[in-house]
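Report on the structure given below.
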Amino acid sequence: MNEDELKVPVYLVTGFLDSGKTTFLNFTIAQDYFQIDEPTLLIACEEGEEEYDPKRLLRYHTTFETIEDEADFTTDTLKKLNRKHRPDRVIIEYNPLWGVKNVWEMELPEDWEIVQQIVTVDAGTFSVYAANMKSLFAEMSAQADMVVFNRCQPDMPLASFRRSIKVVNPACEVLFEDMDGNLTDFTSDQLPYDTDAEVIDIDDVDYGIFYVDAGENPATYDGKTVRFKGQVLKSQRDDSQIFVPGRRAMTCCADDTSFIGYLCKSKYAPSLDMGEWVTVTATVRYKFVKMYGGEGPVLYSRKIEKADPPASELVYFT
């Protein structure tokens, strides 16, 4: 959405404590591309190691307020701040422990509208937080427009980090910054299968990697033949030649899973049973599909074989 179309665009920036939110905003507010002549209100909801300098912020027409308690982050409080500062733009540095979903669902002051959500992540602590606070990470990432991993080092599994975000929110832009705060080029890790093989064999444990990579890299898979094991998801139409061979992926916790897979066209589809496991050998083509909301992989089967369930039916993305 164009900022000029709104009276008060709201930028929501979130991330765990010491994930680099304040550093990110101090840098962004000072950039030429972010300057406007009208007043900006910056609302911070927690204190980290780095602080804001109110006098410095004023040079960029930005005033600073804090809301320290979750109970005070209310519509009434935001309306009072709106009346006090009459901002033309709002930035909220939000504490994700208060529930990012709550911000999207709450009533904001008149003319306020969230136009962008950005998540900052300390790459050094991502694995720990992702393992222990998976549901919060999923909630932060689900509607994010951008996730910025900072403090990245060459030996970190950045491709794995990226896949963890993309499976929750495929449209999200994922960026990486090095220890000096410079954007670093993302180079994909070595894939665990040979994309130049006559038939690309996808092991059970690698299905999640294939699902994300095939969705993002048409040039790698278009026209290639793949083979993998999936569970049958199909419509109630007995004559339909379309089904989805896929897997269940854990997005938040063991009780919160989603079925992921790509459409497959096969003359054998009518004879398949819902929920059965099959090994699919298919050629990948990229087509516009309404269900995808755009262009994506469509599988044209060459062979369908009945199969036993994999050792683990859940998909992982590392």
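The values are calculated or read from the model by the stated rules, or taken from the named source; none is laboratory data. Remember, predicted model here, so these are calculated numbers, not experimental data. Cβ sites come from the backbone with ideal geometry, for glycine too, and all protein chains shown count toward neighbours.
Some points to look at:
- From R285, R247, residue being closer than 30 Å to A130 by Cβ and in contact with an Asp or Glu (Cβ under 8 Å, 6 or more places away or on another chain): R247
- Here G293 meets the list (1) in contact with a helix residue (DSSP H, G or I) (Cβ under 7 Å, 6 or more places away or on another chain); (2) at pLDDT below 95 almost entirely, failing just condition (1).
- Odd one out for D185 among (1) within 25 Å of G215 (Cα to Cα); (2) assigned to a strand (DSSP E or B): (2)
- Matching residues, the range 228-245, being under 27 Å from the mean Cα position of the chain (by Cα) and without any contact (Cβ under 8 Å) to a residue 24 or more places away in the chain: V244
- Top-ranked residue in the range 261-276 [being surrounded by fewer than 16 Cβ atoms within 10 Å (Cβ to Cβ) and not charged (D, E, K, R); ranked as farthest from D238 (Cα to Cα)]: G275
- A single entry from A123, A131 fulfils the requirement of being small (G, A, S), under 16 Å from K21 (Cα atoms) and either in the same structural domain as F24 (by TED's automatic domain parsing) or touching a helix residue (DSSP H, G or I) at 6+ places or on another chain (Cβ under 9 Å) (or both): A123.
- When residues of the range 132-179 are limited to those that are among the charged types (D, E, K, R) and over 21 Å from G296 (Cα atoms), the one surrounded by the fewest Cβ atoms within 10 Å (Cβ to Cβ): D155
- Any hit, the range 255-268, residues being in a strand (DSSP E or B), hydroxyl-bearing (S, T, Y) and free of Cβ contacts under 8 Å to residues at least 12 places away in the same chain: yes
- Residue in the range 141-152 that is in the same structural domain as I43 (by TED's automatic domain parsing), closer than 18 Å to Y11 by Cα and out of contact with any strand residue (DSSP E or B) (no Cβ under 7 Å at 6 or more places or on another chain) present: yes
- Meets criteria (crowded, with 19+ Cβ neighbours inside 10 Å and over 26 Å from the mean Cα position of the chain (by Cα)) for V280: yes
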